[in-house]
Amino acid sequence: MATTTDAPDVSLVVTAHSETVVCGPTMRSADLAVAAARAQGYEVETVIALDVASDETREYFDQQRFDHWERWDFQEADLGRVRNAAVARATGRYIAFLDADDLFSENWLAEGIAVLDEAAAQGRRAIAHPELNVMFDGGNSVLVHIEQASPLFTPWFAYLRNYHDSLCLTPREAHLAIPYVSRDIPNGLSFQDWQFSIETMAAGWEHVLVRDTIIFKRRRDTSLGQESSIRRSIVRKLPAMAIDRVHDLARVGKASETA
């Protein structure tokens, strides 16, 4: 059930840059997820964040069919920075990001809010992830998220791969306390979500699963991740990733004393 508060339960922020017709399925899935959340009594703020958007993208989102969405204009030219800027303006207790070419399962917002509300009622600071990320288009794969409390979770895996994708459902306070860093591709810093995952775990945020939910992620022919080198990535140089500290990332709900 929705909680009694002046703030919306969640702010859904769709980030758009150069996308056009691929946004059709994205926005349809977003509207369905919003409707499902509202049917459960939750209040949802809906925002399209246009970041250095192309003329074609602006024209696409200027359609009357999107007039029930707020349209915010940004000139950040960086996915992490535009998300930070959107969070600063958003008013929801929780933040849900969606890239303009990806899709939600219809139950993602409603189920995710319920999971985070339950965690908060238990005194846990949690960040929610879908059970599955399904990659399509330029690549085909399925990522099964492993929550932090799972016996399958091992913090040393964070040296090699990112456990937690950025399309998560997060308390706004976590984004304000741990903003995304600016992109620096030569030093492996398109891995902004990877760094956010590590830093939130080190600060005592627990990454949890929302069962039976899916986020579909479009893989383009080229991506920021492909342009960056994991070998040079500074995520391996973060204080929380020091060889005598990394084990603390498995301490669910407790901030690392040395992070």
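The values are calculated or read from the model by the stated rules, or taken from the named source; none is laboratory data. Source: prediction; values computed, not measured. Here the Cβ is made from the backbone with ideal geometry for all residues, glycine too, and neighbour counts use every protein chain on show. Ligands, DNA and RNA are stripped out before the accessible areas are found, and what is left, the full protein with its side chains, is counted by its heavy atoms. Shrake-Rupley method; radii C 1.70, N 1.55, O 1.52, S 1.80 Å.
Applying the criterion of at least 1 residues that are open to solvent by 10 Å² or more (accessible area, probe 1.4 Å) to the strands (runs of 3 or more DSSP E) found wholly in the range 1-112 leaves 44-51, 70-74, 94-99. Residue pairs whose Cβ atoms lie under 8 Å apart, separated by 6 or more positions or on different chains, with the first residue in the range 137-149 and small (Gly, Ala, Ser) and the second open to solvent by 40 Å² or more (accessible area, probe 1.4 Å) and part of a strand (DSSP E or B), are GLY138/ARG218; GLY138/ARG219; GLY139/ARG219.
Taken over the range 151-165, the criterion of being surrounded by fewer than 18 Cβ atoms within 10 Å (Cβ to Cβ) and under 18 Å from ARG125 (Cβ atoms) is satisfied by PHE153 alone. The set of residues in the range 17-34 being within 22 Å of THR213 (Cβ to Cβ) and hydrophobic (A, V, I, L, M, F, W, C) consists of VAL22, CYS23, MET27, ALA30, LEU32, ALA33, VAL34. Any residue that is touching a helix residue (DSSP H, G or I) at 6+ places or on another chain (Cβ under 9 Å), among the basic types (Lys, Arg) and within 19 Å of ALA30 (Cα to Cα) - is there at least one of those in the range 66-82? Yes, there is a match, as at least one residue in the range 66-82 is touching a helix residue (DSSP H, G or I) at 6+ places or on another chain (Cβ under 9 Å), among the basic types (Lys, Arg) and within 19 Å of ALA30 (Cα to Cα).
When we screen ALA128, ALA149, ALA177, ALA120 for residues that are at negative phi and in contact with a Leu (Cβ under 8 Å, 6 or more places away or on another chain), the only hit is ALA128. Taken together, the criteria exclude GLN122 from residues that are at pLDDT 95 or above, polar (S, T, N, Q), open to solvent by 10 Å² or more (accessible area, probe 1.4 Å) and within 15 Å of CYS23 (Cα to Cα).
Looking only at residues of the range 127-158 that are assigned to a helix (DSSP H, G or I) and closer than 17 Å to THR200 by Cβ, we find that the one that is modelled with the highest pLDDT is PRO155. For the range 138-147, the criterion of being touching a Ser or Thr at 6+ places or on another chain (Cβ under 7 Å) and surrounded by fewer than 21 Cβ atoms within 10 Å (Cβ to Cβ) is met by no residue. Only a single criterion out of (1) in contact with a helix residue (DSSP H, G or I) (Cβ under 6 Å, 6 or more places away or on another chain); (2) at pLDDT 95 or above is not satisfied by GLU43, namely (1). Comparison of ARG211, ARG161 shows that the only residue that is modelled with pLDDT of 95 or more and either hydroxyl-bearing (Ser, Thr, Tyr) or not in a helix (DSSP H, G or I) (or both) is ARG211.
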